[in-house]
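The values are calculated or read from the model by the stated rules, or taken from the named source; none is laboratory data. Only a predicted model underlies this, so the values are computations on that prediction, with no experimental measurement involved. Counting neighbours? That spans all protein chains shown, and the Cβs are built from the backbone with ideal geometry, glycine included. When the accessible area is computed, the model is the full protein with side chains, heavy atoms only, and any ligands, DNA or RNA have been set aside. Shrake-Rupley method; radii C 1.70, N 1.55, O 1.52, S 1.80 Å.
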Amino acid sequence: MTRQAIDPNQKPVAYPGDPEVTLDIAATLGVTDEEYTRIQDILGRMPTWTELGIFSVMWSEHASYKNSILELKKLPRSGGRLLVGAGEENAGLVDIGDNLAVAFKVESHNHPSAVEPYQGAATGVGGILRDVFTMGARPIALLDSLRFGPPEDERVRFLVDGVVRGIADYGNCMGIPTVGGEIYFEESYRGNPLVNAMAVGIMEPGKMMSAAAKGVGNPVIYIGSRTGRDGIHGATFASVELSEESQSRKSNVQVGDPFMEKLLLEATLALADTGAVVGIQDMGAAGLTCSSSEMAAKTGMGIVLDLNKVPKREQGMTPYETLLSESQERMLLVAEKGREQEIFDVAEHWELQAVEIGYVTDDGRMKVMQDGLLVADIPANDLALGGGAPVYERDVEEPEYLKSVKTMPEFEEPTDLKEAALSLLARPNIASKKHVFRQYDSMVRGNTKVLPGRGDAAVVRIPGTNKALGMATDCNGRFTYLNPRQGAAMAVAEAARNVACTGAEPLGVTNCLNFGNPYKPQMYWTFREAVAGMGEACRALNTPVTGGNVSFYNESPTGAVFPTPVIGIVGLAEEIEKTVGMGATREGDAVFLIGADATSWAGSEWQVMQHGQPYGELPPFNLDLEVRLQQLIITAIRAGYVQAAHDLAEGGLVTAAAEMCIADPLNPQGMQLEFEEISSLDLFGEGPSRVLIIVEPAHVDDLEELARKNDVPAEWIGTTGGKGLGFRTLFSLSFEEMSKAYYHGLSEALGIE
Amino acid sequence: MKWGVLVFPGTNRDYDAYDVFARILGHDTRYIWHRERDLDGLDAIMLPGGFSYGDYLRCGAIARFSPVMEELIRFANSGRTVFGVCNGFQVLTESGLLPGTLLRNRSLRFINEDWPLRVERTDTRFTHLCSEGQVMTVPIAHNEGNYFLGGDDLKRLEDRNGVLFRYCSPQGEVNDASNPNGSVNNIAGVINEAGNVLGMMPHPENRTDPLIGGTDGLVLFESMVAELSQA
């Protein structure tokens, strides 16, 4: 590439046809008065239209974390087996031995999915996959945490259908198994669904590629899809509340091409093998702008871009449009000078376009040229998170609603226990999600041992080893609504417990914090409390936060979503043979209920069924007991005498027991629970730190001994076998009754069957 | 014995196939990139699943124009073993090595689920170690698995016993309730007249490891190995 010399004294100019820059026009891009003044201070002059565009996306909430970073810094972000901590690279990296490391991260694509569910969800999957493989990790699994309004709402059905198809088409085409996640239906998500995607990848830590620009004169190379006008201002769009007008903003939503991404994935991993890559960053939110300025800011270097060289799919794109485009499936990399050909050869093999579009400088400035004009000249560091991007401390105020929801209105406790059990099993939040996950390829690559719906977490073999990873996402939004701090701590604990119930030891968590508008002090209070609760649980469980994403402005004209800090978690099992699912597999095993004994109706499925929304005070949550409980489960499973383990969650004891009976619908296994009498609260109430575990009869003493040693209550409650789930003379459920409710509840609620 | 795993841009179950040949069976195996033309020295070639060229057009419709396809057809016509699964099956029908076409599932949704198959013939190089009427459960994972072949052509296929696998119930009953995708006559896999080219939608390669869902699919690979070692 011929490199045009730029006179250091040259001042950037407006590109022909660009609008005049004023305070008013800045406001339409989401730039505040204060930020507008700050931009002029940084530049020592008025910004050009191109520069204003760059600042507006880089300082948007989505890219800058300006309203969350002070709170996020309070989370434990180091320790354990962490190799790369939160915020250092595209995803966190955790050591798993054998010269391997696991990279994982969860990210939201809520607003695009609310407007254009298919493409919104698809590109959410594409984006999180790029975060993982940009580092040089091969993605081995995907999970999706989804939340929608009530399933009988026609618009909600449209969103569910589109989101699920979008996830399916993208992940299936990429050939990366979608192995887990969650789906919840709740009034608060009616106007603003949550679509959070998580990817998990494996790599040799020595081959990690960094998102950093180094080496003066090194070429900057663009690889992947051409740039179009799609997704311009996606990052800014994600940083305002949804409104009636949002539905007309479909041009803010990107369009995905999973085939191109598959080629990009293989090419990127091949590039990692060449050793010719100095730095690499995917073009996600804020596209070319974010990838180039972040790589420069990270090392204090500068970067020059010639936009005429950028491959485009549309004619006449202005610098503003090219820089802000969020066209998908694109990467920007810095190569070692003289080794460009190795990059081009890899691209050619995978039939991808690769073009040199710029070079690295040492002046710390991001300079952008088009048609021989200098259109932007900004200190890169002032654009980036951790550099000059604004950081705000927000006002907090305890929300009014918390006072009114503490008192639970009177309601009828279940009297017909059998009917209550079956109606709970058919509830869309409890019923099997088979209708959804059978649309995802969960088996490709041949490493998925515990499939969706068969365990508390998915278990995926680490290729080339005898080890496996347990992985899950979790958050009970009702609990965080009733008590943001304790609810968030319980979400971390439940996610970790899910992984522990497979025999894997939790390594670290990633989080996707879905909240409302941060400028509302009552909302911000819930955010701050939830982050504090997460931090407490992460410290206790020794699971540092490896990274994640904050999604604010999840509000629609009908209000804000429940505070929803989704926790993604990955755990390690040293021997895959010893991992377990949740299904009872044979007759005559002992069933134990272990852990805490407190349950409550607060925020339980039964209570919400009665009132339409959560009420009450959460039951006590003892983090010390939780830690001991998880240690006990992992130890017992690794000892080899546990047949299955299952966390008690929505719907309480009866739901959990029923799920263990019919987890494998073709091979159900009965369970007889020996309760002389039991309250409906103990049957259907919900509370943390409770697990059902199935143990070989010869090892009952071992489990009891282990429980004593760990100081965890463990109660023998029955035996596997028989035709269905029996509670002595109280009531019993046949396989057919359970299966009909559990396996058809969701599709019936969605009007599909 | 040397196996080849054919890779088009967008193929994604190549790793799964390679893993069976190399790790489970311990055989010499190599990937064949779609621009290669040299298939010498290979005993058998598998066309794995995936989305060749994204399958934005009809599945397999672009892949059949890849440089390697001319050689593959020659390879098949020489009587050597060709085995296409899922997208590989679609490529084989598009290229005319096997009859029929794969339409969208009648539910219009992608389906991934373990599904029982009835083995219709045990006198082929792919199934000679199976027992008569054996039911094997292996996963399906497709959006376009609805096998279609019209009137006379279908009759010809059935008359020459070209159907090797049919979708069935766990007890082996072949009926509409045991048909996951609307395939005509519950057809899940077909073999050419010469008996050396097999195409099927389900994934036996994903059921070859006792740790990962069982070994129901392994018998197909073992049959091929036994046949080839005799030859």
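Quick note on the stretch A:145-240: its Rg to Rh ratio, both from C-alpha atoms and Rh being the Kirkwood radius, is 1.08. Our note on the geometry: Cα centres of the stretch B:33-107 and the stretch A:546-580, 40 Å apart. Counting only other chain Cβ atoms within 10 Å of each residue's Cβ, the peptide A:576-582 averages 1.
A crude spin-label estimate for the pair B:Thr122 and A:Arg226, with each label 7 Å from Cα along the Cβ direction, gives 5.8 nm. Among B:Asp114, A:Asp441, the order of accessible area from largest down is B:Asp114, A:Asp441, computed with a 1.4 Å probe on protein heavy atoms.
For the stretch A:472-487, backbone phi angles converted through the Karplus equation (6.51, -1.76, 1.60; θ = phi - 60°) give residue-by-residue couplings of 7, 10, 7, 5, 9, x, 5, 5, 5, 5, 6, 7, x, 6, 5, x Hz, Gly and Pro being listed as x. Among A:423-433, A:77-87, A:470-480, the peptide with the highest mean count of other Cβ atoms within 10 Å heads the list, and the full ranking is A:470-480, A:423-433, A:77-87. With the simple model of a label 7 Å out from the Cα in the direction of the Cβ, A:Lys709 to B:Ser107 spans 4.6 nm. The mean number of partner chain beta-carbon atoms within 10 angstrom of a residue's beta-carbon across peptide B:107-115 is 6.
For peptide A:442-454, compute the average count of partner chain beta-carbon atoms within 10 Å of each residue's beta-carbon.
Across A:442-454, the average partner-chain Cβ count within 10 Å equals 6.
For the protein assembly as shown, the convex hull drawn through the C-alpha positions has a volume of 157 cubic angstrom per residue. For the stretch A:312-350 versus the stretch A:371-431, the inter-centroid distance based on Cα atoms is 36 Å. Each part gets one Cα centre, and for the stretch A:627-696 versus the stretch B:208-231 those centres are 37 Å apart.
Between the amide H of A:Leu618 and any residue lying 5 or more places away or on another chain, no distance stays under 5 Å, with hydrogens modeled in the peptide plane. Rounded to the nearest 500, the 222 nm mean residue ellipticity of chain B from helices alone is -6000 deg cm²/dmol, with -39,500 (n - 2.57) taken per DSSP H run of at least 4 residues. Take the Cβ-Cβ distance between A:Asn622 and B:Asp176 as r, set R0 to 56 Å, and report the resulting FRET efficiency rounded to the nearest 0.05. Rounded to the nearest 0.05, the efficiency is 0.55. Between the amide H of A:Thr227 and those of A:Lys312, A:Arg313, distances stay under 5 Å, these residues lying 5 or more places away or on another chain, with hydrogens modeled in the peptide plane. Accessible-area rank, largest first, for A:His611, A:His233: A:His611, A:His233, with all protein chains present and a 1.4 angstrom probe.
Taking 0.36 nm per residue of sequence separation and removing the Cα-Cα distance, the A:Asp362/A:Thr558 pair yields an extension gain of 65.5 nm. Each of the peptides B:179-190, A:106-117, A:643-654 was scored by the mean count of other Cβ atoms within 10 Å over its residues; in descending order, highest first, they stand as A:106-117, A:643-654, B:179-190. Note on A:Asp41 and A:Ala270: their simple-model spin labels are 5.0 nm apart, each label 7 Å out from Cα toward Cβ. Taking amide H positions as modeled 1.01 Å from N, with prolines and chain starts lacking one, the residues under 5 Å from A:Asn218 and 5 or more places away or on another chain are A:Val360. Fully extending the segment from A:Glu154 to A:Glu587, taken as 0.36 nm per residue of separation minus the present Cα-Cα distance, adds 151.5 nm. Values of log10 I(q)/I(0) for the stretch B:164-208 across q = 0.14, 0.31, 0.33 Å⁻¹ run -0.37, -1.09, -1.13, by the Debye formula with one identical scatterer at each alpha carbon and no solvent. Here the calculated FRET efficiency for A:Asp395 and A:Ala598, from their Cβ-Cβ distance with R0 = 45 Å, stands at 0.80, rounded to the nearest 0.05.
Is any residue of the stretch A:316-354 close enough, with backbone N under 12 Å, to a label point placed 7 angstrom from the Cα of B:Trp33 along the Cα-Cβ axis, and if so, which? Once the point is set 7 Å along Cα→Cβ of B:Trp33, A:345-352 turn out to lie under 12 Å by backbone N, inside the stretch A:316-354. Peptides A:25-32, A:167-174 ordered by packing proxy, namely the average of other Cβ atoms within 10 Å per residue, highest first: A:167-174, A:25-32. In this view, the solvent-accessible surface of A:Lys434, computed with a 1.4 Å probe and all protein chains in place, comes to about 60 Å². The A:Lys403 and A:Lys740 beta-carbon pair, evaluated with R₀ = 41 Å, returns a calculated FRET efficiency of approximately 0.45. Ranking A:Arg586, A:Arg157, A:Arg130 from most to least accessible surface, computed with a 1.4 Å probe over the protein chains only, gives A:Arg586, A:Arg157, A:Arg130. Please list, by residue number, everything in the stretch A:155-183 whose backbone N is under 20 Å from a paramagnetic label point 7 Å out along Cα→Cβ of B:Tyr56. Only A:165-176 fall inside the zone, counting backbone N under 20 Å.
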